[in-house]
Amino acid sequence: MKLRQLAGESGVSTTTLKHWIRVGIMPSGRLRNRTTADYEQRHLDRARLILVLRDVYRASVAEIRSLTDVIDAEDVSVLEVMNACQAFALEVPSEPDGADVAEYQERAFELMRRRDWRGYPGAAVHGLVAALAQAAEVGLDYEVDELMEYADALEPLAGRNVAALGPMGSPDEVARRMLLAVNARARQLVAVSSLAHAAVSIRAAIERGDAPPDLAMPPAAS
């Protein structure tokens with residue numbers, strides 16, 4: 001396809017596509033002559049991935065390149081692409097270090113050992129360690145038994161989520177769909193957690209007599 005057709009199918013202007021090629025996050029087309037190049041499905045997949053990174057994750061060109069460089073590496077595997085996407089989404093580009101996180105690393109490892117979860121070393125492990133350390137700073141010090149309760153609920157959901165993704169195509173398409181899924185799951189889990197915390201707070205206020213019994217009830221079923 002020509003650049004104009006690529007622009008039409010991707011929803012990205014030709015000017016922006018040329019910019020992406022110039023800064024190295026979009027591969028060049030195959031030159032037909034001095035002024036014309038042909039573009040393929042991989043260019044469309046890349047444009048759709050960049051849109052997710054730019055519009056959903058608000059990523060800079062440098063941040064986008066950090067992921068596309070991994071995707072474009074020779075003989076990259078699907079698992080490597082998925083790990084890179086998790087690192088990108090969780091904002092954990094390197095392994096946490098220092099004595100202050102050793103305790104939380106061991107909790108993450110013990111969780112994995114108990115459940116026979118694989119994924120070490122990986123971005124998800126590093127993300128959990130960082131999250132445990134951050135939670136402890138605000139008084140939420142989660143022990144392994146508490147993490148197991150989360151895992152009991154999440155593992156079946158993870159199985160259904162992975163099955164729902166199905167065959168995902170090119171590395172760019174794998175990355176795009178995974179990044180969208182990670183974002184959607186995170187927003188959903190945060191929203192459900194927030195709703196649960198709000199409900200507990202409201203219930204406590206009602207039990208103390210500080211709020212009416214019908215406070216914040218959802219609408220009746222239609």
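Read-outs throughout are calculated quantities, based only on the coordinates presented, and are distinct from any laboratory measurement. The structure presented is a predicted model; accordingly, all values stated were derived computationally and were not measured. Note that each Cβ is placed from the backbone with ideal geometry, even for glycine, and that neighbours are counted across all protein chains shown.
Contact order for the range 97-222, expressed relative to its length and based on alpha carbon pairs under 8 Å spaced 6+ residues apart, stands at 15 percent.
Between VAL190, VAL129, VAL162, the Gaussian network model of the chain with springs among Cα atoms under 10 angstrom shows the greatest mean-square fluctuation at VAL190.
Counting only trypsin sites (Lys or Arg not before Pro) that DSSP places in a loop and that have at most 15 other Cβ atoms within 10 Å, the longest clean stretch of the chain runs over 119-222. Database remark: amide H of ASP38 closer than 5 angstrom to the amide H of ARG30, LEU31, ARG32 (H placed geometrically; neighbours at sequence offset of 5 or more, or on other chains; Pro and chain starts carry no H).
Between ASP214 and LYS2, the simple spin-label model (points 7 angstrom out along Cα→Cβ) gives 6.7 nm.
Comparing ILE64, ILE21, ILE50 in a Gaussian network model of the chain, where Cα atoms under 10 Å apart are tied by springs, the biggest mean-square fluctuation is seen for ILE21. Working from label points 7 Å from Cα in the Cα-to-Cβ sense, the VAL138 to THR14 distance is 4.9 nm. Would you calculate a helix-derived [θ] at 222 nm for the chain, using -39,500 (n - 2.57) for each DSSP H run of n ≥ 4 and dividing by the full residue count, to the nearest 500? Rounded to the nearest 500, the figure is -22500 deg cm²/dmol. Length gained on full extension, VAL61 to GLU74: 2.5 nm, using 0.36 nm per residue less the C-alpha separation.
Helix 99-115 and the long axis of the chain differ in direction by around 90°, with both axes built from C-alpha atoms.
The GNM of the chain, with springs linking C-alpha atoms under 10 angstrom apart, assigns the highest mean-square fluctuation among ALA131, ALA84, ALA163 to ALA163. Put the Cα centre of the range 23-74 next to the Cα centre of the range 155-181 and the gap is 20 Å.
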